[in-house]
Every structure is written in structure tokens, then in C-alpha cells.
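Engineer: The structure under discussion is supplied below as C-alpha cells; questions concerning it will follow.
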Amino acid sequence: MPSVPPRVVALAGMLAAATGAEPQVTETPGAFRVCAPLPSPLSSAIHSTILMTLAHGDRFGHEAGADGIARVWAEIDHPAPRRRRTDMAVPAGGAAPGDAEYRTLITHTAECTACRSERFECEVAARLSRAWRAARR
């Protein structure tokens, strides 16, 4: 299971503060659902606070459970997967000179620990950079 996004954690914290109860976070195939029982009695100030909190979700609602407890819920959609920086489209006119070498260099630097460290120079990256420059000429 993927980790819970910060937005879901924030919503759960705000809903806990608004209701005074620990919300339940569940994951559905397309979203995370944060659900909490409504406090009783429900003052207008608490009601407004709960509504403002629920508005942070992508969808929200209210339900009465079979146990007679009224609950509010908010759903936050799963974040869209991030594209890797190396996922570049090939131009309509075909690949430009040096594109293959550039893709190889970018893939290496994205995955190489030495390249991401400021303390080390990576010999492989230096060699790939020279190959890329030579291919562009």
C-alpha cells in the first residue's frame, strides 16, 4: 500500500480537531477516505468548522450508520503518478542528433548516487556528457 499523502494526514488532523474524535482513514481503489463521528451536541460553531474542514477534500458527505452514529467523511483522490524526467516524447520530425545520448545521460544522472551527491564527480556521467556533446556536432 502506498504511504498516505500529506494532504490526507492534514485532513485527518483537522477533522480530529473539529470533531474531537479520532477519524478513520481507509483506502479505496481511487481515493483515501477520512471518516469521523459527529459530536453531540453539535453547535453552530462546530458545524461550521466541520464543513470548512470537509471542504478540503475532493468529495465529502454525511451518513448515518446502522449503529445510529452519524458520521462525516471526505475523500481525497490518489495523486496522479509522476512522470520521470527521462520520459521525453520524440519530436514529430524524428529524433534530433544526440537525443539517444542525452536520454542515456539523463537516465544515468537520475539513478546514480554519485551524480546526485555534490561531493563526488562521476566518471560515467563525464564520459556520457562527452558522448552527447560529440553526437550533437
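The values are calculated or read from the model by the stated rules, or taken from the named source; none is laboratory data. Since this is a predicted model, take the numbers as computed values, not measurements. Because the Cβ atoms are built from the backbone with ideal geometry, glycine has one as well, and the counts that use them run over all protein chains shown. All accessible areas refer to the heavy atoms of the entire protein, side chains included, with ligands and DNA or RNA removed. Shrake-Rupley method; radii C 1.70, N 1.55, O 1.52, S 1.80 Å.
Engineer: Residue under question is residue 30, and the condition is that it be open to solvent by less than 60 Å² (accessible area, probe 1.4 Å), at pLDDT below 90 and among the small types (Gly, Ala, Ser); does it hold?
Structural biologist: Criteria met by residue 30.
Engineer: Of all the residues that make up segment 33-46, how many are surrounded by 14 or more Cβ atoms within 10 Å (Cβ to Cβ) and assigned to a helix (DSSP H, G or I)? First the steps, then the outcome.
Structural biologist: First, pick out the residues of segment 33-46 that are surrounded by 14 or more Cβ atoms within 10 Å (Cβ to Cβ): 33-39, 46.
Still in the list and also assigned to a helix (DSSP H, G or I): 46.
Total satisfying the criteria: 1.
Engineer: Residue by residue through segment 28-37, note down the ones that are touching a helix residue (DSSP H, G or I) at 6+ places or on another chain (Cβ under 7 Å) and closer than 13 Å to residue 77 by Cβ.
Structural biologist: Scanning segment 28-37 gives 32, 34.
Engineer: Take the residues of segment 54-68 that are under 19 Å from the mean Cα position of the chain (by Cα) and surrounded by fewer than 13 Cβ atoms within 10 Å (Cβ to Cβ): which is nearest to residue 7 (Cα to Cα)?
Structural biologist: Checked segment 54-68; the qualifying residue nearest to residue 7 (Cα to Cα) is 58.
Engineer: If you don't mind, another one. Hey, can you tell me all the residues within segment 4-27 that are open to solvent by less than 70 Å² (accessible area, probe 1.4 Å), within 13 Å of residue 74 (Cα to Cα) and outside any helix (DSSP H, G or I)?
Structural biologist: 23, 25, 26, 27
Engineer: For segment 54-92, what are the residues that are at pLDDT below 85 and either in contact with a strand residue (DSSP E or B) (Cβ under 8 Å, 6 or more places away or on another chain) or farther than 30 Å from residue 132 by Cα (or both)?
Structural biologist: Of everything in segment 54-92, those that are at pLDDT below 85 and either in contact with a strand residue (DSSP E or B) (Cβ under 8 Å, 6 or more places away or on another chain) or farther than 30 Å from residue 132 by Cα (or both) turn out to be 65, 66, 68, 79, 80.
Engineer: May I pose another question? With the condition kept exactly as written, say whether any residue in segment 69-83 is assigned to a strand (DSSP E or B), within 19 Å of the chain's Cα centre (by Cα) and in contact (Cβ under 8 Å) with a residue 60 or more places away in the chain. Walk me through it before giving the result.
Structural biologist: Step one: of segment 69-83, the residues assigned to a strand (DSSP E or B) are 70-77.
Subsequent filtering for residues that are within 19 Å of the chain's Cα centre (by Cα) retains 74-77.
Restricting the remaining residues to those that are in contact (Cβ under 8 Å) with a residue 60 or more places away in the chain gives 74, 76.
So far as segment 69-83 goes, yes, one or more of its residues are assigned to a strand (DSSP E or B), within 19 Å of the chain's Cα centre (by Cα) and in contact (Cβ under 8 Å) with a residue 60 or more places away in the chain.
Engineer: Separate question: Could you say which residue among 110, 114, 95, 134 is at pLDDT 80 or above and open to solvent by less than 80 Å² (accessible area, probe 1.4 Å)? Show your work before the answer.
Structural biologist: Working: 110 fails: at pLDDT 80 or above; 114 fails: at pLDDT 80 or above; 95 fails: at pLDDT 80 or above.
The match here is 134.
Engineer: Another question about this same structure. Got a sec? Which of 51, 128 is surrounded by 11 or more Cβ atoms within 10 Å (Cβ to Cβ), farther than 17 Å from residue 19 by Cβ and at pLDDT 80 or above? Walk me through it before giving the result.
Structural biologist: Working: 51 fails: farther than 17 Å from residue 19 by Cβ.
None of the other options fit; the residue is 128.
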